[in-house]
Each structure stands twice: as C-alpha cells, then as structure tokens.
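**Q** Pasting a structure below so you can have a look.
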Amino acid sequence: MKFSDIHGQNELKERLRKTVLDNRVSHAQLFLGPEGCGKLPMALAYAQYINCTNRTHDDSCGICHSCVKYAKLAHPDLHFIYPVATTKEITKDPVSRLFIQHWRSLALTSGGYFSLKDWYQKIGLENKQGIINTDDCNEIVRTLSYKSYESEYKVMIIWMIEKLFHAAAPKLLKILEEPPDKTLFLLISEQSDLILPTILSRTQLVKFLPLPDRIIADTLTAGGECTREEANRIMYMSNGNLIAARRMLETGESDLSDFELFRTWMRACYRKDASAFLKLTTDFQSLGRENQKKFIIYALKATRYCLMYQYGHDSEIKAEGEELKFIRDFSPFINQTNIGLLNEAFNTAHYHIERNGAGNIIFLDLSLNVMKWLARKQA
C-alpha cells in the first residue's frame, strides 16, 4: 500500500511522511477516526514507507523487496492483531494468526477499506462479538521479542483496539510503554471512549476526519462503476464513509431501512403505544448485534439533524425525500431540554449492546425513556 493509493487525507499523509524524514517516528500511535476514512490503508502505507529501502519525499518506491512483500501483506516484520472468536472453522483457542489468510484476502481485495461487520462476515462469526484476547497479547510479546528479519522496524498493527479484552490489557501495557528498539505499534480505533485510559495514555493520537464529499464522489466514479449523478447521490448519504458509499453502490443498501424503523419507533413513542413497542422490540432483537448498533448510531444522527434544523442549519443536513420531511416534522419535539438525555440514552444502549446485553430488554427500556423525554418541552 502506497500513500498514493489512499483517497484524500493529504494533510495526514504529509504529517506522517515528515515524522519519517525527520527521524521522529513515535513508537506507539493511535489512528482514531470514523469508519471508512482510511485508517487501516494509512497505517499500511505508513509502515511500508518507513521500511522502504528507496523511498522518496512523497512515497515508498513500490518495487524494492520490502515494498513487494508489503504489497502482499506478507512481510516477515509486519504483524497484525484483530478481533476474533470461535467459528465453524476455528472451534477453540482462536488467535489472530489462525485467521491471517482471511485477513489478507479481505484487506487486499478491499484496499483496506472494510468494516468490522465485513470482517465478522468474512470469518463466519455470525452473531458473536470478536475480541482481542489474552492469547493474542501473549503473541504480541513473543513476536516482538525477536529481532527483525529484514527491515529496520518491526511493525505491529492492532486493528480495533477498543475490542481488547480488559483482562488481557496488562500484558500489552508494559510492552507499549517499554517496547523493544525499532518497534512500531499502530493502533486503529473508531471509538476512543471504549479504549482503556491506560492504553490511550501510552499512544500518540493521529486523528482522522470523515472524507469530504468530493473525495467520495471522485473515488466512486474513478473506475467507471457509476455515473457522476449516482455518485453525487451516494456521497450525500454516506457522511464521509467510503465503506458505506461502496456498499450502497454495490447493493443499494443505505440508511433507509434504519430511517423507516426509526420513524415508526418515534411515532409509537409519541403516541405511547405499548403494543407497538412490543412489536418493535421483536423487530429490533431480530436485527443482530451489529445492525442493532448501526440503528442506534442512526438514531443519534437523526436526532442531531432535528436539532440542526431547529437552529437553521438545514443546509448541513444530509437527507432527502421522506427522510428530510420527517426530520422537519419531528424537529419540534427535539430541544435543548431532551437532546442530552436522548444522546446519553442512545450511547448507553450502544454500550450495552456492545457488551452482549439482551437487545429486547435494552430496546424496551430505551423506548420507555424516549416516550417520557419526547413529552418534555423546551426549558
């Protein structure tokens, strides 16, 4: 992976290149940002640039022995850790190295732009939650205790560090604080609030922003896979997430299903319709955990849009058609008095789903609170 393969994020590219050229590479860095902004591709390009034997100011050469192996994600000094669990294929003691062929396949075919849900589907995790477990942390310590095979730096990329099992953290903390010489940790995350503070304090933050709409549209049209008009429509709904944009292009999937469920749910809450709650609770439970979390994230976005509309920022609302009409109609019920309560409740629900809470109980409790808070007037 070269910097030139990454869509947008030019300021970050320059910043990372400069750390290498100035010989000021921090040994532990946290690449933090929303889904689809290019964190993993950037980590791969950065690692390749560091170990390239013929790099220029702008990029790695792409043809030296190191770059050729990096391009295949098969360099002996490049290591990966990611969330795993037991599957039909790996029935006990799951660790990252047992899934490396799946990882390489997905990363290479997607160019590094894939989601946690894509990864779980790739390895057949079904409705389970993956974690970075104690055995993987032991593997990190063992692997990095050896000398590098070929390159100046050994690179350990830990994807979705927020999935680190708490009991495994102590094994990782010491090596993060006192790593072997010429070792680079690149931690990748989408949710800093789920990362242990002791991990956060040992890393240098590299913050990613969502991709600009123009970059999304240009990327979709570059391969001739869609018209500019279609790309413009998709970029409008993707919110800077290239993974979501590509998914919409390939499958037609969008936030519309989440919108329809959210609209039905809010109407039931407003009417205080208990029978509708019970039906929607069953619907929510059947979504599965990843889609439950996706729906909660949509609920946060929709209520934020309602508040933005009230304050005259409707030009910044990325919605159209029935969705935009609902936001306009529903916005009077979202105000400064209840928005904080709603946001806290949605985030708490997301947290409990993340930790395998019962979806039906979480949703029913959330519904009862939302029903109460929608009735609150502006203070």
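**Q** Do any of Lys72/Lys154; Lys294/Lys318; Lys117/Lys171 go past 19 Å between their Cα atoms, and which?
**A** Checking Cα-Cα distances, Lys117/Lys171 exceed 19 Å.
**Q** GNM on the chain, C-alpha springs below 10 Å: top fluctuator among Lys88, Lys272, Lys318?
**A** Lys88
**Q** What number does the stretch 256-374 give for Rg over Rh if you use C-alpha atoms and the Kirkwood radius?
**A** Dividing the radius of gyration by the Kirkwood radius yields 0.94.
**Q** Compare Glu126, Glu320, Glu11 in a GNM of the chain, Cα atoms joined below 10 Å, and give the one with the largest fluctuation.
**A** Checking each option, the largest mean-square fluctuation is seen for Glu11.
**Q** Toward the positive end of the charge dipole of the stretch 77-230, about the Cα centre and with charges on Cβ (Lys, Arg +1; Asp, Glu -1), which of Phe99, Leu209, Gln191 goes farthest?
**A** The Cα lying farthest towards the positive end belongs to Phe99.
**Q** What dipole magnitude, in Debye to the nearest 20, does the stretch 188-239 give about its Cα centre under +1 on Lys/Arg Cβ and -1 on Asp/Glu Cβ?
**A** Roughly 240 debye, rounded to the nearest 20.
**Q** Placing +1 on the Cβ of each Lys and Arg and -1 on the Cβ of each Asp and Glu in the chain, which of His79, Met1, Thr227 has its Cα farthest towards the positive end of the resulting dipole?
**A** So the residue we want is His79.
**Q** What 222 nm value per residue comes from the helices of the chain, counting each DSSP H run with n ≥ 4 as -39,500 (n - 2.57) and dividing by all residues, nearest 500 deg cm²/dmol?
**A** Calculated from helices alone, the mean residue ellipticity at 222 nm is -16000 deg cm²/dmol.
**Q** Going by how many other Cβ atoms sit within 10 Å of their own, how do His313, His75, His102 line up, fewest first?
**A** Ranked by crowding around the Cβ, least crowded first: His313, His102, His75.
**Q** Straight-line reach only, C-alpha to C-alpha below 16 angstrom: list the aspartates and glutamates that Lys13 could link to, leaving out same-chain residues fewer than 8 apart.
**A** Asp5, Asp22, Asp58, Asp59
**Q** Oh, and also: Loop-only GluC sites (Glu not before Pro) in the stretch 187-256, please: DSSP not H, G, I, E or B, and at most 13 other Cβ atoms within 10 Å.
**A** Here the sparse-neighbourhood loop sites are Glu225, Glu253.
**Q** Here's something else I'd like to know. What share of Cα pairs, in percent, lie more than 27 angstrom apart in the chain?
**A** I get 54 percent for the Cα pairs in the chain exceeding 27 Å.
**Q** Using only Cα atoms, what is the ratio of the radius of gyration of the stretch 3-207 to 2.2 N^0.38 Å?
**A** 0.96
**Q** With Cβ to Cβ distances under 14 Å as the rule, what net charge do the other residues near Ser189 carry (K, R +1; D, E -1)?
**A** The answer is -1.
**Q** Okay, next question. Which percent of Cα pairs goes in each bin when the distances of the stretch 175-218 are cut into 10 angstrom slices starting at zero?
**A** The percentages, shortest bin first, are 20, 41, 24, 14, 2.
**Q** Further question on the same structure: Where the only charges are on Cβ atoms (+1 Lys, Arg; -1 Asp, Glu), what is the dipole of the chain about its Cα centre, to the nearest 20 debye?
**A** The calculation lands at about 540 debye.
**Q** Evaluate the charge dipole of the stretch 281-354 about its Cα centre and quote only its size in Debye, nearest 20, assuming +1 on the Cβ of each Lys and Arg and -1 on the Cβ of each Asp and Glu.
**A** Here the stretch 281-354 has a charge dipole of around 120 debye.
**Q** Go through Gln336, Ile296, Trp373 and say which Cα lies farthest out towards the positive end of the charge dipole of the stretch 256-374; charges sit on Cβ, +1 for Lys and Arg, -1 for Asp and Glu.
**A** Trp373
Coordinate-derived values only; no laboratory data. Remember, predicted model here, so these are calculated numbers, not experimental data. Please note: Cβ atoms are built from the backbone with ideal geometry, for glycine as well, and neighbour counts cover all protein chains shown.
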